[in-house]
Amino acid sequence: MGTRAWLAGVVAGVLLVMCAEASAAGPVTFNKDVLPILQRNCQTCHRPGNIAPMSFLSYETTRPWAKAMKAAVITRKMPPWFADPQYGHFSNDRSLKQEEIDTIAQWVDNGALQGDPNDAPPPIKWPENGWTTKPDVVLNGVPYTVPPTADRNVIEWITLVTPTGFTKDTWVTSVEIKPSELGVTHHICVSFVPHRPGTVYNTFLWVDKQRDETGAEVAPSARKVLLPTSDGRGREVAARDRGNIPPNASNGTGNAEQNISCFVPGRSLSDFRPYNAALLVPAGYDLSWSIHYTPNGVAATDRPEVGLTIAKEPPQRWLIETGNATDPTNFAIPPNASNYAPEPAEFTFLVDAELHWMSPHMHVRGKDMTYKLVFPDGKERIVLNVPHYDFNWQLGYDLAESIKVPKGTKMVVTGHYDNSANNKFNPDPNRTVYFGNMTWEEMFTPFFAITVDKSVDPKKAVKSPRNIGNGA
Ligand code: HEC
């Protein structure tokens, strides 16, 4: 074999190997390889009208984000997901498999090609107007204009009551909350409440709270304390003694009803249809709203809507959502504490139930939360562990298979808070942090949803030391 022939052979061989690699998988393209991943794992948020600021529905809108996408998936910043995979499987787990991460990375490294349009999967038919469900009934809120700024940047939690217009008992099978101005909407929670004589419809109500210069709520009995500062002059802040919190401090809006659904980052829909369950809304009930807006520099008028699906047949099961078991008078995170553990939140199941959903709620100092079931025979099972809680994502975790919870079972939820300077979200490590609504105060609210047989009185299904389901 002459040199030339040998060289040609080598080149042909190399070419053969390269072609074999390329044609086995083909070059990674948007249409063939990336779009299916985006449809499954990203588009639920990354589409017009939803919470993510950019759309990943088409190549044109996705291409500019290619580099950022690679970085976001490799670091597992996206999709947001915080459950420890050791415990439980969740149907809304959108986290990527390693091969999917590799596919996105290769796509970006090879120039983010579009590929053959014939390779693209059919587009997902996302519901119109930003709804995830196709609501049977839409209830309107009242437009609210959020100013560009506010004193201490605080707009107190607002409550509002609007009529449902339900003239007969109604079985609500899903509740979806859709603000029009996502940028200023911190949360919107709704509950169905009995109509009270004297209820004034469509009127915003809030409690004017006294706040110190940091924005923290000052209880009526507050006193000032001097905190040491590096310049030696000290700084005066309001302080509350442990056990000194007014009874309604965690729920100063007076809205003590059970919230049935909330719009918070990463979650806007409560869907009971997969469980054959519904919420009974008696005729004449009103819709109560708890709304928290945060100014973000530009005036915005929010027009929130609530979309409901309704069952025509009576449901097999009732849905119950709860989560508040913390005594606020016993909750105080000391300055600079890096691993504060409040008293565990404890719930006792008074009837046989099925657990479907959990959603840890803490604020910026929240660090981790673990839900454990303690069965009547003493066996224990961790059902959700969120080892690195991130306040920016209020995710709900939908159990892929519901868990049977026999009567007498306890749910015990533990958590930790980081009030040290190492917590980059901590606005002030030098203060004691009490229970309260605002993000610089703290909450310890392990929301969860269960269903019970329709013969059960939903009010007598779960017991906690403090049976109030309010707060987000
Ligand atoms: C639960 C909703 C949700 C899902 C699911 C989701 N995202 Fe996002 N994503 C957001 C939101 C909201 C933002 C903007 C706020 C932020 O950056 O945290 C964002 C931001 C991003 C950014 C910009 C990040 C940056 O560093 O600036 C990228 C890139 C991104 N997402 C990619 C993805 C990809 C790829 C997927 C799917 C594999 C995905 N996201 C799934 C909600 C989501």
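The values are calculated or read from the model by the stated rules, or taken from the named source; none is laboratory data. Because the structure is predicted, anything quoted here is derived from the model rather than measured. All Cβ positions, glycine included, derive from the backbone under ideal geometry; neighbour counts span all protein chains shown. Areas reflect the complete protein model, heavy atoms only, side chains present, ligands, DNA and RNA absent. Shrake-Rupley method; radii C 1.70, N 1.55, O 1.52, S 1.80 Å.
Output the residues belonging to the range 125-163 that are open to solvent by 40 Å² or more (accessible area, probe 1.4 Å) and part of a loop (DSSP other than H, G, I, E, B).
If the condition is that a residue be open to solvent by 40 Å² or more (accessible area, probe 1.4 Å) and part of a loop (DSSP other than H, G, I, E, B), then LYS125, TRP126, THR132, LYS134, ASP136, PRO143, PRO147, PRO148, THR149 are the ones that fit.
Cβ-Cβ below 9 Å, separation at least six or inter-chain, first residue in the range 25-53 and without any contact (Cβ under 8 Å) to a residue 40 or more places away in the chain, second open to solvent by less than 20 Å² (accessible area, probe 1.4 Å) and more than 8 Å from the ligand (Cβ to nearest atom): which pairs?
LEU38/PHE30; LEU38/THR62; HIS46/THR62
Here is a check on your reading of the model: is ALA105 touching a Phe, Trp or Tyr at 6+ places or on another chain (Cβ under 9 Å) and either closer than 24 Å to PRO48 by Cα or within 16 Å of the ligand (Cβ to nearest atom) (or both)?
No: the conditions fail for ALA105.
Given the criteria at pLDDT 90 or above, more than 10 Å from the ligand (Cβ to nearest atom) and within 26 Å of VAL383 (Cβ to Cβ), does TYR59 qualify?
Here the answer is no, as TYR59 does not meet what is asked.
Can you work out which of the residues in the range 58-80 that are within 18 Å of the chain's Cα centre (by Cα) and surrounded by 19 or more Cβ atoms within 10 Å (Cβ to Cβ) is farthest from CYS45 (Cα to Cα)?
The selected residue is MET78.
What pairs can you find where one residue is in the range 331-355 and on the phi > 0 side of the Ramachandran plot, the other is of a type in the set (S, T, N, Q) and open to solvent by less than 60 Å² (accessible area, probe 1.4 Å), and their Cβ atoms are less than 8 Å apart, with a gap of 6+ or different chains?
Sorted first by the residue in the range 331-355, then by its partner, the pairs are ASN336/ASN419; ASN336/SER420.
If we scan the range 15-26, do we find a residue that is away from the ligand (no atom under 16 Å from the Cβ), part of a loop (DSSP other than H, G, I, E, B) and at pLDDT 95 or above?
no
Here is a check on your reading of the model: is VAL108 modelled with pLDDT of 95 or more and loosely packed, with under 15 Cβ neighbours inside 10 Å?
No.
Quick one: in the range 426-458, of everything that is part of a loop (DSSP other than H, G, I, E, B) and among the hydrophobic types (A, V, I, L, M, F, W, C), which residue is nearest to PRO335 (Cα to Cα)?
TRP440
Given the criteria open to solvent by less than 70 Å² (accessible area, probe 1.4 Å), away from the ligand (no atom under 12 Å from the Cβ) and under 28 Å from the mean Cα position of the chain (by Cα), does PHE90 qualify?
Yes, satisfied.
Do any residues in the range 61-76 that are farther than 17 Å from PRO48 by Cβ and not assigned by TED's automatic domain parsing to the domain that holds LEU96 have Cβ atoms under 7 Å from those of residues that are more than 6 Å from the ligand (Cβ to nearest atom) and of a type in the set (Phe, Trp, Tyr), where the two are at least six apart or on different chains, and which pairs are they?
none
So, in the range 27-41, of the ones that are part of a loop (DSSP other than H, G, I, E, B) and at pLDDT 95 or above, which residue ends up farthest from GLU99 (Cα to Cα)?
If we take residues in the range 27-41 being part of a loop (DSSP other than H, G, I, E, B) and at pLDDT 95 or above, then THR29 is farthest from GLU99 (Cα to Cα).
If you check GLU321 against the conditions, is it at pLDDT below 90, among the charged types (D, E, K, R) and either under 30 Å from ARG196 (Cβ atoms) or out of contact with any Lys or Arg (no Cβ under 7 Å at 6 or more places or on another chain) (or both)?
yes
Which residues, counting only those in the range 40-53, are out of contact with any Gly (no Cβ under 8 Å at 6 or more places or on another chain), open to solvent by 40 Å² or more (accessible area, probe 1.4 Å) and more than 6 Å from the ligand (Cβ to nearest atom)?
The answer is ARG40, and nothing else.
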